[in-house]
Amino acid sequence: MNINDYKGVLVYVEQRFGEVQNVSLELLGKGRKIADELGVHVVAALIGKDIEKHSKLLVEYGADKVLVMQDDNLELYSTEPYTQAMVQAVNSEMPEIVLFGATSIGRDLAPRVSARLLTGLTADCTSLDISEDRMLLMTRPAFGGNIMATIVSPDHRPQMSTVRPGVMTKMERDHNRTGEIVNYPVKIERNKNFIEVLSFEKETEEKQDIQEATVLVSGGRGIGSKDNFGLLYDLADELNGLVSASRAAVDSGWMDHDRQVGQTGKTVRPNLYIACGISGAIQHVAGMEEAELIIAVNKDKGAKIFEVADLGIVGDVQKVLPFVIEEIKKI
Ligand code: FAD
C-alpha cells in the first residue's frame, strides 16, 4: 500500500455512559480545518452501543461522514474491543490522519491502535498544523516540558496523535450541515486479550471539571495556605465558578492535582480566569492564556502574569479579594 492511498481525517468520538465528550467535538473542529486545507473529508468513528442518536450532532460539528460501530461488547469502554473497532474503522476508511483525545481512554486506546497498525503515534499534542508537503506537524511538550517538539511521520500512515482536551476549538454548531451516516458491521472477536467489563462504579463524590467551567478563580503560592483558599471559594461561589490552582499550590497540598492548570495540568479556556498570587510562569500560562478575559491579582507589579492579563490589580490577595467579594454581593 502506497502512503498516497491514505486520504482524509478520522476522529475517534469518545463517549462515556452514552455522552459524547467535548474533546471529540473539539477534534472534529480541528479535523474540519485540516481537511479543508488538504481538500479531504472528515469521518467520525462513533463506537459503543445504542449511540447512533449522536450521529447528527457529529455532522453538525464538522463530520462529513459518521461511521457508527455498535455491538454488545462495546457498551462499556475496554481496550481490546475498542482497539478492534478502531482498527476496522481505519482499514475501512484508510485515513491519512487519525485523532484521539488525550484523555484516560484516548491515552489507553491510541497506542494499541497504532501498534496494531504498525504506525507511529504522537501523544499529548498541543497543536497540529499541515506542512507545505501535506504532512501533519504534531507539536507537544518534550524533555519534561522544557521544549516544544514538532514531530512528523514521513514514512507511515495513518499519522496518529492524541490531543489535549481544551486546546482545539469546536466549530460553531451548524444545524443545517448534512453528512453521510453509515452503520458499519463491526466484528468483535473475544480473543485472549478480551476482558469483559461488568460494570463501572461512578465516584460517589461528584467531581467538577475545571475544563467545563466558564469562570475559574485560580490560586498560587501567593495564597499562602490551604485555609486561605477559602477566600477563592467564596469568590468562585459568587461568580458561579470553580477554583483551580498553579502547580506550586498543588505541590503544597492545597489543591487536588485534577485542579492544576498548565502544561502538566489541564488546559482551560473559561470566559473569565482570575489568577490570584500566581507569578505567571510559562508552564502555567500555557494552560490558561486562551481564556477570554484574564484578571490577575499579585502584590509584585513586575509579575509576568500581568503580561497576559487584560486587567491587573497590584495588591495583597488577602485585602483585594474580600473587597471584591463584598462589592459583588452589593450588585
Ligand atoms: P510562584 O512562582 O512562587 O509565584 C507566587 C506569586 O504570588 C508571586 O508572583 C508573588 O508575587 C505572589 N504573591 C505572594 N504573596 C502574595 C499576596 N499576599 N498577594 C498577592 N500576590 C502574592 N506550573 C503550573 O502552574 N502548572 C503546570 O502545569 C506546570 N508544569 C510545569 C512543568 C515543568 C516541566 C516545569 C519545569 C514546571 C512546571 N510548572 C507548572 C511550575 C512553574 O514553572 C512555576 O514554578 C509555578 O507555576 C509557580 O507557581 P506560582 O505562580 O503559584 O508560584
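The condition of being assigned to a helix (DSSP H, G or I) and of a type in the set (Val, Ile, Thr) holds for residue 23. Would you point out which residue out of 324, 314 is more than 7 Å from the ligand (Cβ to nearest atom), open to solvent by 80 Å² or more (accessible area, probe 1.4 Å) and in contact with a helix residue (DSSP H, G or I) (Cβ under 9 Å, 6 or more places away or on another chain)? Only one candidate qualifies: 314. Being over 22 Å from residue 2 (Cβ atoms) and of a type in the set (A, V, I, L, M) is a description that applies to residue 147. So, of the residues in segment 256-279 that are under 24 Å from residue 299 (Cβ atoms) and surrounded by fewer than 21 Cβ atoms within 10 Å (Cβ to Cβ), which turns out to be farthest from the ligand (Cβ to nearest atom)? Top of the filtered list is 272. Scanning segment 126-159 for residues that are over 18 Å from residue 114 (Cα atoms), free of Cβ contacts under 8 Å to residues at least 24 places away in the same chain and of a type in the set (A, V, I, L, M, F, W, C) gives 142, 143, 147, 148, 149. Just for segment 86-109: of the residues that are open to solvent by less than 30 Å² (accessible area, probe 1.4 Å) and over 18 Å from residue 186 (Cβ atoms), which one is farthest from the ligand (Cβ to nearest atom)? In this case the residue turns out to be 96. Scanning segment 160-188 for residues being under 25 Å from the mean Cα position of the chain (by Cα) and closer than 22 Å to residue 112 by Cβ gives a total of 6. Any residue in segment 183-205 that is within 14 Å of the ligand (Cβ to nearest atom), over 24 Å from residue 312 (Cβ atoms), of a type in the set (Lys, Arg) and modelled with pLDDT of 95 or more? No: segment 183-205 contains no residue that is within 14 Å of the ligand (Cβ to nearest atom), over 24 Å from residue 312 (Cβ atoms), of a type in the set (Lys, Arg) and modelled with pLDDT of 95 or more.
Of the numbered criteria (1) without any contact (Cβ under 8 Å) to a residue 60 or more places away in the chain; (2) within 12 Å of the ligand (Cβ to nearest atom); (3) surrounded by fewer than 19 Cβ atoms within 10 Å (Cβ to Cβ), the one residue 247 fails is (3).
The values are calculated or read from the model by the stated rules, or taken from the named source; none is laboratory data. Model, not experiment: these values are computed from the prediction. Note that we place each Cβ from the backbone using ideal geometry, even for glycine, and neighbour counts take in every protein chain shown. The area values use the complete protein model at the heavy-atom level, side chains included, leaving out ligands, DNA and RNA. Shrake-Rupley method; radii C 1.70, N 1.55, O 1.52, S 1.80 Å.
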